[in-house]
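The values are calculated or read from the model by the stated rules, or taken from the named source; none is laboratory data. As the structure is a prediction and not an experimental result, all values here were calculated from the model. Every residue, glycine among them, receives a Cβ derived from its backbone with ideal geometry; neighbour counts consider all protein chains shown.
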Ligand code: NDP
């Protein structure tokens, strides 16, 4: 296939433009594995790339889409052969390297993870970068030594992609989950994923005290900014917060009080360049631990040709759970 369909971000005089057009295979970037993309997904970062709201795209033209699942078509990499089912998340794909919103992708084999047993390609992208990041958060909290007996687990941005998977994973692991959301109408949805308490996100989104009442032992925070400061302030002594997102903002207006007076730990989560052994471990655990009924409940599907419709919506917090993009 010399030409294939792709979404392409091009630089214009006023910013950038996004079009769905034919793309020449000869213009794909260097890589030792060519993949027929079957599924992708919509993450917050994809919204930024498609709209240009933040300078996520670092090379033009760019095919956006930071993650995909698919089947290897051609490979010069020793670990992959034609027909292998693979997953890719991160590594700058959709930012500096031509990405996933296309029928083909050429990438480095070292970036790929074999599709783990027990997951199909659609499940893998229902999980996607957001769900994989939620698992990295859970693994970081466990590595810290946190256990469900320590007290409740808070999840912020709970109705979003990272949040929904985090709620389901923590509940399945035995945690009592407090889901913080700005969408009161999603209470039944969040309880269905395993949350036992709903917290109005307004309680966390305005500046609060450096230390507040101790309410949760651990937290997964997808929101950042003032919310994360309040999450830290409400964390029990010796608890931990896995911080992975910035939906409210990139700043962190906090003090050292939670750290030096309560021994709270702030655990940073970066899914983009996680080394391969940890990636494989995270995907294996997702395959074994994530409740499939919960995954189905949080997932909607959109065809590749219509993915642009979700760009603004995910940035305004209007997408619930996860979205699978099907590639013809
Ligand atoms: P989503 O848009 O699906 O979820 C974000 C959620 O945050 C929204 O659904 C909403 O939840 C809440 N939210 C949105 N705006 C605000 C606001 N102004 N104040 C408070 N809460 C808000 O995005 P994703 O789940 O895909 O990503 C979540 C965050 O994690 C993003 O910032 C993303 O960039 C980051 N991320 C980081 C990764 C890493 O490697 N560190 C990897 C993947 C994602 P609700 O309506 O329930 O309140």
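So the values come out like this:
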quantity	calculated
Number of positions in region 149-170 that are away from the ligand (no atom under 11 Å from the Cβ), buried (at least 23 other Cβ atoms within 10 Å of the Cβ) and part of a helix (DSSP H, G or I)	3
Single residue of region 286-302 satisfying the filter (within 13 Å of the ligand (Cβ to nearest atom) and part of a strand (DSSP E or B)) that is farthest from residue 20 (Cα to Cα)	299
Count of region 241-274 residues which are without any contact (Cβ under 8 Å) to a residue 40 or more places away in the chain and over 21 Å from residue 166 (Cα atoms)	6
Restricting region 80-122 to residues that are surrounded by fewer than 23 Cβ atoms within 10 Å (Cβ to Cβ) and within 16 Å of residue 323 (Cα to Cα), the residue that is farthest from the chain's Cα centre (by Cα)	120
Residues (over 27 Å from residue 314 (Cα atoms) and in contact (Cβ under 8 Å) with a residue 60 or more places away in the chain) located in region 146-166	146, 150, 151, 152
Residue ID - farthest from the ligand (Cβ to nearest atom), chosen from residues in region 8-31 that are surrounded by fewer than 18 Cβ atoms within 10 Å (Cβ to Cβ) and assigned to a loop (DSSP other than H, G, I, E, B)	13
Residue that is nearest to the ligand (Cβ to nearest atom) [pool: residues in region 303-325 that are over 25 Å from residue 249 (Cα atoms) and surrounded by fewer than 18 Cβ atoms within 10 Å (Cβ to Cβ)]	306
Among the residues listed as 122, 134, 146, 140, the single one being part of a helix (DSSP H, G or I), away from the ligand (no atom under 16 Å from the Cβ) and outside the structural domain of residue 64 (by TED's automatic domain parsing)	122
Residue satisfying condition, being closer than 23 Å to residue 139 by Cα, part of a loop (DSSP other than H, G, I, E, B) and not assigned by TED's automatic domain parsing to the domain that holds residue 312, within set 245, 208, 239	245
Selected residue [over 24 Å from residue 325 (Cα atoms) and within 20 Å of the chain's Cα centre (by Cα)] from 153, 168, 229	153
